[in-house]
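Data first, discussion second: the structure below is written as C-alpha cells.
The values are calculated or read from the model by the stated rules, or taken from the named source; none is laboratory data. Note that the coordinates shown come from a computational prediction; the quantities given were computed from them, not determined experimentally. When we count neighbours, we look across all protein chains shown, and the Cβ atoms used for this are built from the backbone with ideal geometry, even at glycine.
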Amino acid sequence: MQELKRYYVKYKKQLIPTVLLSLALFIIFRVILPQVSSISESNQAISDKARSVETLKSSLSALASLGETDSASNLELSLKALPASKDIALIYSALSSAATSSQSELRDFSLKVGGVYGRAVKVSSGGVKGVPAIDVLARVSAANPSNLIVFSKELQERLPLAEVKRIDSNKDLGTFEIGFYYKTYDLSLISRQDKVLSLSQQDLNLLNQLKGWDK
Amino acid sequence: MKSDINLVPTTSKVKRTYGRIFVFSAAVFGVIFVIALLLIAYSFILKTRVKGLEQQEALLKGNISQYAIQKERLLVTAERLGMIRKIISTRKKLDLKVASILSFVPNEFGIEAINADKDVISLKLASPSLREFDALIEEKIPSLAKDKALGLKKINIASFAEKGNNYVLSLDFDFGTKTKK
C-alpha cells in the first residue's frame, strides 16, 4: 500500500491525464457511439410510426363516413360482376337475359366446370392475366343473323362479366364460346390491410355502369 | 563548484508542460462527458416519442376494429372494382368488330354464316345479283380496308361460288394478332 502510494505521488502528473483520456475514449465507444445508433433507429421508428398513424387516421375517417347500406349494396354488386366462385345460376341468368334482349332464343348451353383436384384444378382460360374464367358454350337461335351479334353485345353488358371468344353462326343458329370471369379472394389477407380508402369517383362511376348492366 | 548549472528553468518548464497536459485531458474528458449526457437525454426524449406514437397507433387500431365489417366490405369492393376495370378495358370486343364489318355489308346480301374469333372474322354472303358483288368488292371493301380504327391487316376472298339461285362469297377479315410460328 505504501509502495502504491509512493508510485502514485511520484507519477501523479502522468497518471491523471492518462486516466482522463482513457475514460474519454471509453465514453466515446461505450456510450456515444451506441447512443448515436440508437438515436438513428429511434428517428426511423418515429418516421414509420408517424406514417402509420396518418394512414390509420385517414382509414378511420373513410370508415366512419361510410354508409351501412351503401357498403353492403356496393359489395353485392361488385361480387355479382366478378363472383368469388363459379356461379352457374348467374351465368344462366345472364345468357337468358341477353337472349331476350336480342330477340333470340337460348337453345342450350354447356360449361367446363374444371378439375376437382390435382393439376386439373388450375384454370387459366381467362383473357385477362390473373383472372380465371369458366368456359361456356351456348347455342342461340334468332330470326335474323344480326340478332346473334346483338346477343353477343348484350351478353357483354350483363353480370357476371363475360367475354365472347368465338362466334360460329350458320344462318339463324349461332354457337358462342364465352368466358365468364370469376376470382376468389382471401378475406383474412384483405382484412389485415391497415390502409382503407374511400371509393374514388372512378370507382363510383364504375359502380353506376355495373348497376346499368345488372339486368 | 560549477556555476553554469541552472535547474530553475528546467523544473518550471516541466511543470508547465504537465499542467497543460492535465488541462487538455480534463477539457477533453469534460467535453466528451457533456456530449454523452446530451445524447443520452436526446435518446430518451426520442424513445418517449416513439412510445407515444405506438400508443396512438394501438388506439387507432382499436377504433378501426369497431368498423371491421365495413372495412372488409370496402376493401373487398375496392379489390373487385380494380379487377373489373382491368377486365373491361382488356377484353376483346369481338361483337363490335363483327358489327363494324357487317355495317359495310349492304342489306341486299343475306348473311349465310359468321365465324369470328380474335384473329379472323369470316363472313359468307349470298345474293342473287352479281352486280351487288361488284359494288361490294369495288367500293365497300376498299372503304372498310381504309378504316384504321378496325385494325384490319388483310381481307381475303376465300371463295366465290354459285349455290342454287344465289352467288355465295366467303370473305376473311384478318386482324393479324396471331404470331407466325
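See the values below:
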| read-out | value |
| --- | --- |
| Any hit, segment A:108-123, residues being modelled with pLDDT under 95 and within 12 Å of chain B (Cβ to nearest Cβ) | no |
| Condition check for B:Ser129: over 39 Å from the mean Cα position of the chain (by Cα), at the interface with chain A (Cβ under 8 Å from one of its Cβ atoms) and among the hydroxyl-bearing types (Ser, Thr, Tyr) | no |
| Flag if A:Asp48 is out of contact with any Lys or Arg (no Cβ under 9 Å at 6 or more places or on another chain) and of a type outside the set (A, V, I, L, M) | yes |
| Candidate set from segment A:143-156 (those that are out of contact with any Lys or Arg (no Cβ under 9 Å at 6 or more places or on another chain) and farther than 24 Å from A:Gly212 by Cβ); member that is farthest from the other protein chains (Cβ to nearest Cβ) | A:Ala143 |
| Residues within segment A:157-188 that are surrounded by fewer than 21 Cβ atoms within 10 Å (Cβ to Cβ), facing chain B (nearest Cβ under 8 Å) and assigned to a loop (DSSP other than H, G, I, E, B), tallied | 3 |
| Top-ranked residue in segment A:57-92 [being surrounded by 16 or more Cβ atoms within 10 Å (Cβ to Cβ) and over 22 Å from the mean Cα position of the chain (by Cα); ranked as nearest to A:Gly174 (Cα to Cα)] | A:Ile91 |
| Yes/no for B:Ala126 being aliphatic (A, V, I, L, M), part of a strand (DSSP E or B), in contact with a Gly (Cβ under 8 Å, 6 or more places away or on another chain) and modelled with pLDDT of 90 or more | yes |
| Set B:Asn63, B:Asn115: member being facing chain A (nearest Cβ under 7 Å), assigned to a strand (DSSP E or B) and modelled with pLDDT of 90 or more | B:Asn115 |
| Unmet criterion (only one of (1) in contact with a Phe, Trp or Tyr (Cβ under 7 Å, 6 or more places away or on another chain); (2) over 30 Å from A:Arg192 (Cβ atoms); (3) facing chain A (nearest Cβ under 9 Å); (4) not in a strand (DSSP E or B)) for B:Ser143 | (3) |
| Qualifying residues in segment B:143-160 (those that are farther than 15 Å from B:Phe109 by Cβ, of a type outside the set (Ser, Thr, Tyr) and at pLDDT 85 or above) - the one farthest from the chain's Cα centre (by Cα) | B:Ala158 |
| Candidates B:Arg80, B:Arg131 - the one that is of a type outside the set (Gly, Ala, Ser), outside any loop (DSSP other than H, G, I, E, B) and in contact with a helix residue (DSSP H, G or I) (Cβ under 6 Å, 6 or more places away or on another chain) | B:Arg80 |
| Complete set of residues in segment B:36-60 that are among the hydrophobic types (A, V, I, L, M, F, W, C), more than 7 Å from every other protein chain (Cβ to nearest Cβ) and either farther than 19 Å from A:Thr55 by Cβ or surrounded by 14 or more Cβ atoms within 10 Å (Cβ to Cβ) (or both) | B:Leu37, B:Leu38, B:Ala41, B:Phe44, B:Ile45 |
| Qualifying residue in segment B:42-57 (condition: farther than 29 Å from A:Arg30 by Cα and touching a strand residue (DSSP E or B) at 6+ places or on another chain (Cβ under 9 Å)) | no |
| Among (1) facing chain B (nearest Cβ under 9 Å); (2) under 30 Å from B:Leu74 (Cβ atoms); (3) surrounded by fewer than 22 Cβ atoms within 10 Å (Cβ to Cβ); (4) not small (Gly, Ala, Ser) - the single one A:Asn205 does not satisfy | (1) |
